[in-house]
């Protein structure tokens, strides 16, 4: 949403502060836009024309003098039009300059003030012209008694000052003061609307990211389950005790994952402790499958277990370490998972003593999905590194921001 309302387009329905009648329809456009200015001038100009026409008809009815009638009506029309349209005209020219908000508002106030001052000068000229029209039509008012005119100078000055202030207030309101207030209210409503739109867009973006993460999660889980069932099937006939242990471990794992997939809000949320437990369950399954050849260690500060952490990222790294590291060589193998707090967030390491980095079929898919999850959730605020470690094997290092308790 742009930072300010487009001047050539109607305001959104949610921002309209007036009805839909003909008289106020020009307010459907931004204040001090060309369409707003044209509609306002036409409406106030029509009122000024009606007043001038009534004045001309009244003077003609009294004096039967057409010239005097026109001489009194035209200045009234000019004055009325100047009062209601001059300030808004200058303000409209200012707003179309595209200045920054602060300078635009300052210039609008100055434009309204200049319009009012010029209108007062036009009013003095019009008053003198109208009085001349009265005199020419032999309708000049009788002179007041000198006693009234010569009253208290202080009282007279007070009355004159009050009249001037009242007139100035009326001129300011009709000359654009109310329009300036409407402009400020429009800016406030537009800023609130823009803020609401940003929040809505952020919410929709987060929802889309959550659905994307859910899709990626759905791609990982069947692969893991199929491998596990294949391992259990191989153990049922040859080593039923190990197969039973593997089934019990798998049941514990599914009890921890399935409820997360049934959350009513559809969000994909988890904490570090849950992910470490899932990795431990998976590693136990692989330990049973390998007949004890695979050893593992999961280590983390208990204070970090409640911190928010993306689902299944660690499991992907652990599975990658076993499949492309430990299982590729004979003899015992070791996989370690540890988590710690850093200056910028959380760091999790998955290390193995296997074959090291030798990219093979299927390995790139899991890491590609992992990077997509990081990009969707953190938009560049997380880093992932996979490298060979000294002494053999590989280590995956994942740094993510600390988002607090889950």
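Here is a yes/no grid of residues against (1) part of a helix (DSSP H, G or I); (2) touching a strand residue (DSSP E or B) at 6+ places or on another chain (Cβ under 9 Å); (3) without any contact (Cβ under 8 Å) to a residue 60 or more places away in the chain; (4) surrounded by fewer than 15 Cβ atoms within 10 Å (Cβ to Cβ):
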{"residue": "55", "(1), (2), (3), (4)": "yes, no, yes, no"}
{"residue": "86", "(1), (2), (3), (4)": "yes, no, no, no"}
{"residue": "89", "(1), (2), (3), (4)": "yes, no, yes, no"}
{"residue": "93", "(1), (2), (3), (4)": "yes, no, yes, yes"}
{"residue": "99", "(1), (2), (3), (4)": "no, no, yes, yes"}
{"residue": "108", "(1), (2), (3), (4)": "yes, no, no, no"}
{"residue": "112", "(1), (2), (3), (4)": "yes, no, no, no"}
{"residue": "115", "(1), (2), (3), (4)": "yes, no, no, no"}
{"residue": "124", "(1), (2), (3), (4)": "yes, no, yes, yes"}
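Taking residue 10 as the residue in question, decide whether it is assigned to a loop (DSSP other than H, G, I, E, B) and in contact with a helix residue (DSSP H, G or I) (Cβ under 6 Å, 6 or more places away or on another chain).
Yes: the conditions hold for residue 10.
Give just the number: which of (1) surrounded by fewer than 21 Cβ atoms within 10 Å (Cβ to Cβ); (2) in contact with a strand residue (DSSP E or B) (Cβ under 9 Å, 6 or more places away or on another chain); (3) modelled with pLDDT under 90 does residue 331 not satisfy?
(2)
Just one of (1) at pLDDT below 75; (2) in a helix (DSSP H, G or I); (3) more than 23 Å from residue 349 (Cβ to Cβ) trips up residue 264, so point out which.
For residue 264, the failing item is (2).
Only one residue in 32, 77, 44 is under 16 Å from residue 112 (Cα atoms) and in contact with a helix residue (DSSP H, G or I) (Cβ under 6 Å, 6 or more places away or on another chain), so which one is that?
32
The values are calculated or read from the model by the stated rules, or taken from the named source; none is laboratory data. This is a predicted model, so every value here is computed, not measured. In this analysis, Cβ positions are derived from the backbone assuming ideal geometry, glycine residues included, and neighbour counts consider all displayed protein chains.
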